[in-house]
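A short worksheet on the structure shown next.
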Amino acid sequence: MKRIPHGLSFILALLFFALASQAQEQPPKEEGAFRQPELVELVKLDKTIHLDIRYATPHNFVGRPVYREARAFLQRPAAEALVRASRALRKQGYGLAVFDGYRPWSVTKLFWDLTPADKKQFVADPSRGSRHNRGCAVDLTLYDLFSI
Ligand SMILES: [Zn+2]
C-alpha cells in the first residue's frame, strides 16, 4: 500500500475540517416541491396580536438582542391560522402575545452554539433546521383581555 506523505495528509485533514465546518454554516438543503415562501408580518394581518419579542431585547437566554427589530413573521397559511385563533380567543376574553415566529437559520445556529451539550435538547439542531426557520412555528401565550 502506498502511504500518503505526512504533509499531504495534514493538508487533507485541514481541507476536510474546513469543508465540514462550512457545511455547518449553511441551512440544510431540502429536496421536494415546496410552496413559494411568503412571510407576512403578523400585526399587519391582526393589529390585536400583542408582541413581546424577547429576542429583540437582552431578556432572553442569550442575554443580548439577537434581532434588530421587535417584529414577528410567519408563512401566510400559518399567519392566517393564527389570526383565526386570535379572533376565536378574543370572543372568549383572551388575547395572543407572540414571543417569536419566523427565525433566521443563523439565529438557530447561534442558539445551538451557545447552548451547553447537556441542554441541546431545548434548541433546534441547525443541521436539520427548525419549524421557526421555515416560518411555520410561533411561540406565544394567552393573556386575559380584562386584566391588562
Ligand atoms: Zn418555538
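The length gained on full extension between Thr115 and Ser147, counted as 0.36 nm times the residue separation minus their Cα-Cα distance, comes to 8.0 nm.
As a length-normalised measure over Cα pairs under 8 Å and 6 or more apart, the relative contact order of segment 38-144 settles at 30 percent.
Direction-averaged shadow area of the convex hull around the Cα atoms of segment 38-144, nm²? Don't jump to the answer; show the numbers that get you there.
Details: hull surface 28.3 nm².
Value for segment 38-144: 7.1 nm².
Determine, for each peptide in 93-99, 115-121, 132-138, the mean count of other beta carbons within 10 angstrom over its residues, then list the peptides with the highest first.
Numbers: 93-99: 17.0, 115-121: 9.1, 132-138: 19.6.
Most protected by this proxy first, the peptides run 132-138, 93-99, 115-121.
Would you mind calculating the gained length between Glu69 and Leu45 on full extension (0.36 nm times residue separation, minus the Cα-Cα distance), in nm to one decimal?
Numbers: separation 24, 0.36 × 24 = 8.64 nm, distance 1.81 nm.
Going from the current span to full extension adds 6.8 nm.
Annotation: extensible slack from Ser106 through Arg128 equals 6.7 nm (criterion: 0.36 nm per residue apart, minus Cα-Cα distance). Remark: for residue pairs Lys44/Lys119; Lys44/Lys91; Lys29/Lys119, the C-alpha separation exceeds 29 Å in Lys44/Lys119. Here's the list of aspartates and glutamates a cross-link from Lys109 could span, going by alpha-carbon distance under 14 Å and ignoring same-chain residues fewer than 8 apart: Glu25, Asp125.
Placing dummy labels 7 Å off each Cα toward the beta-carbon, the span from Phe99 to Arg84 is 2.6 nm.
Read-outs throughout are calculated quantities, based only on the coordinates presented, and are distinct from any laboratory measurement. Keep in mind the model is a prediction, meaning the values are calculated, not measured. Don't worry about glycine lacking a Cβ; one is built from the backbone with ideal geometry, like all the others, and counts go over all protein chains shown.
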